[in-house]
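Notes follow the structure.
The values are calculated or read from the model by the stated rules, or taken from the named source; none is laboratory data. For clarity, every value in this text was computed on a predicted model and none was experimentally measured. Cβ placement follows ideal geometry from the backbone for every residue including glycine, while neighbour counts extend to all protein chains displayed.
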């Protein structure tokens, strides 16, 4: 067994054993089931279309993981956020929420929120904001489920386990599905990428604040506590 | 927090750290029913066995390439079970490939060869998405392949990847001609599109 391999995969692990010990007629053990642990996340599985209920059920069975689904029917399994990233994310969520309450035109959402995009992906951005009117336009039967709508404004915060290529594809997906503005924040690099419909992404490095525009004109994100949550 | 991946959920990818060739070979040996690749970014891709019809198509391709290579004499053909470690660190197994014999080093007789084959063919299966396959072909070319073909039985089309970075797509064709390293090789595609034909 190679040293990198998670304990759960070692022969004899109870869970693996029951799932893989399916003997075929000639006694050969079929071992196509895998158990991966948190050190091997993110992981992507091909699962095909799922109902909202099936997806919500899967999320409920794995409360420690964050799950998304791509438009191609891939299930994306993400690990718990590292602690430092959580402090940064909370700072972003709080600033957006405080501004949204004063501005009154829209509502802010935290990173646990699931959205059903027009391309059928189920995504969960690190922070999001949407016009109240777009919520009021929703079919009331969709209200208690994943909303089938794309937020007007999205923020993604890069964590240590996020690949920048994957995040950039996600940002393009937000715009393609109707977001009017999206920010990709890389706190380690102190860099922000600004995504606007129909334009190349604009990169800013080392800024101490970032001004909203379009749907969130008037919002100003103070980046100092995002770069360093210990800052006074 | 363990998460179960079942065979109906493949292909799947998970994140692994750097691995030695021996580690990777041990992983493959532990799961003889599955095939594995590793991206340059350290993701391991777990693939289910090919559907039978796809494998029949692949056998036609490998046989045609083998027959040509034997006559040609300059190189050697590999089937889809061969693993290569590309210069960018990715571990890949093309569906069929060909390599100049002169590129063999004595130490290559054991273990994975650390190079990119000169000519690579990928065959799209029913479960393959086109985008990842196209990226794979681009990766082979970026890592030194002189020619790459992506065969798509669904549309009966061929995408030809050349080292200048350009891709040429020929739809609805029944043959494709080799060039560059495999000039002279001709693949009759009617037998690939329909392995049941004569």
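Residue B:25 passes every criterion in (1) surrounded by 14 or more Cβ atoms within 10 Å (Cβ to Cβ); (2) modelled with pLDDT of 95 or more apart from (2). Looking only at residues in the range B:12-33 that are at the interface with chain A (Cβ under 7 Å from one of its Cβ atoms) and more than 20 Å from residue B:89 (Cβ to Cβ), the one that is farthest from the chain's Cα centre (by Cα) is B:31. Within the range B:12-27, residues that are within 24 Å of residue B:129 (Cβ to Cβ) reach partners that are in a helix (DSSP H, G or I) with beta carbons closer than 6 Å, at six or more positions or on different chains, in the pairs B:14/A:40; B:15/A:40. Listed by position, the strands (runs of 3 or more DSSP E) inside the range B:85-198 whose residues that are touching a residue at least 24 places away in the same chain (Cβ under 8 Å) number at least 2 are B:96-100, B:119-123, B:147-152, B:157-161, B:186-188.
The strands (runs of 3 or more DSSP E) falling completely within the range A:118-232 include none with 2 or more residues that are in contact (Cβ under 8 Å) with a residue 24 or more places away in the chain, on the phi > 0 side of the Ramachandran plot and surrounded by 19 or more Cβ atoms within 10 Å (Cβ to Cβ). Could you tell me whether any residue of the range B:53-66 is within 14 Å of chain A (Cβ to nearest Cβ), surrounded by 15 or more Cβ atoms within 10 Å (Cβ to Cβ) and under 12 Å from the mean Cα position of the chain (by Cα)? Within the range B:53-66 (the criterion being within 14 Å of chain A (Cβ to nearest Cβ), surrounded by 15 or more Cβ atoms within 10 Å (Cβ to Cβ) and under 12 Å from the mean Cα position of the chain (by Cα)), the answer is no, since none of the residues qualifies. The residues listed here are B:109, B:92; of these, the one that is over 21 Å from residue B:189 (Cα atoms), away from chain A (no Cβ under 14 Å) and at pLDDT below 95 is B:109.
Every residue, every condition in (1) closer than 17 Å to residue B:183 by Cβ; (2) over 12 Å from the mean Cα position of the chain (by Cα), yes or no:
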position	(1), (2)
B:43	no, yes
B:46	no, yes
B:75	yes, yes
B:82	no, no
B:114	no, yes
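Whether any residue in the range B:36-44 is in contact with a strand residue (DSSP E or B) (Cβ under 6 Å, 6 or more places away or on another chain), surrounded by 20 or more Cβ atoms within 10 Å (Cβ to Cβ) and within 17 Å of residue A:35 (Cβ to Cβ) is what I want to check. Yes: the range B:36-44 contains one or more residues that are in contact with a strand residue (DSSP E or B) (Cβ under 6 Å, 6 or more places away or on another chain), surrounded by 20 or more Cβ atoms within 10 Å (Cβ to Cβ) and within 17 Å of residue A:35 (Cβ to Cβ).
Looking at residue B:55, is it out of contact with any strand residue (DSSP E or B) (no Cβ under 6 Å at 6 or more places or on another chain) and without any contact (Cβ under 8 Å) to a residue 60 or more places away in the chain? Yes: the conditions hold for residue B:55. Got at least one residue in the range A:69-86 being on the phi > 0 side of the Ramachandran plot and touching a residue at least 24 places away in the same chain (Cβ under 8 Å)? Yes, there is a match, as at least one residue in the range A:69-86 is on the phi > 0 side of the Ramachandran plot and touching a residue at least 24 places away in the same chain (Cβ under 8 Å).
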